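As structure tokens, the structure follows; a few thoughts come after it.
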Amino acid sequence: MALPMLREQYDFRVRSTGEPIDMQVFCRHVCANGGESVLKEIYAHASEVISNVYQHAPRSEGDIVEWFFDCRVIGNDFQVAIEDDGVGIFESLKISHGSKLPLEKLLQPPIKRLAHRGMGLSALFRDFDKGRVSSAMFQSPAGTVKLGSPNLNSIPLSIAQGTRVVFTVPLWVRSV
């Protein structure tokens, strides 16, 4: 059984939006933890999620947000977790889309939900629908949205602040 991915157990040092994005560090960590065969699939999604941390997590301009990530093999999947201490994904969507809580929009059928999301979420939903992503979970204090069946032994069930995005890619997936 995999160890729970709690902040205290992350292998990586905490990153900050005050630093430039360094995807080479991320790639080295993926490869060191068994994800070299699916690095291309993981990279595309992780870079979008990390970019979203920089764009949407700060509460105001100039606000510095801490974020961190971890990844590991769990069964036949490779799991990536990215978390930040920012405003929260659903709170950010609520601000940008008005007062209606957007959790319902994320749960709509694929065609409708893709129209409401940015590139990162849309790509995760699309690849989940095509079987390239086994599961995905988006969490903030406002709620949780799950696609598929994330391995709940490895994911804390609640988050007090910010956003947590966890997704898994089957180890057998190969890019075309």
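The values are calculated or read from the model by the stated rules, or taken from the named source; none is laboratory data. The model shown is predicted, which means the values in this text are computed figures rather than measured ones. Note that each Cβ is placed from the backbone with ideal geometry, even for glycine, and that neighbours are counted across all protein chains shown. Each accessible area value is taken on the protein alone, full model and side chains, heavy atoms only, with ligands, DNA and RNA left out. Shrake-Rupley method; radii C 1.70, N 1.55, O 1.52, S 1.80 Å.
Miscellaneous remarks
- Solvent-accessible ranking of Trp172, Trp67, largest area first, probe 1.4 Å: Trp172, Trp67
- Between Glu19 and Gln55, the distance separating the two model label sites (each 7 Å from Cα on the Cα→Cβ line) works out to 2.2 nm.
- Cut-off under 5 Å, modelled amide H: who pairs with Phe78 long-range: Val169, Leu171
- When all protein chains stay in place and ligands, DNA and RNA are ignored, the 1.4 Å accessible-area order of Lys146, Lys40, largest first, is Lys40, Lys146.
- Positive minus negative residues near Ile21 (Lys, Arg vs Asp, Glu; Cβ under 13 Å): -3
- Efficiency of FRET from Cβ geometry, Cys31 and Gln161, R₀ 25 Å, rounded to 0.05: 0.25
- The order of Cys71, Cys31 by accessible area, most exposed first and with a 1.4 Å probe, is Cys31, Cys71.
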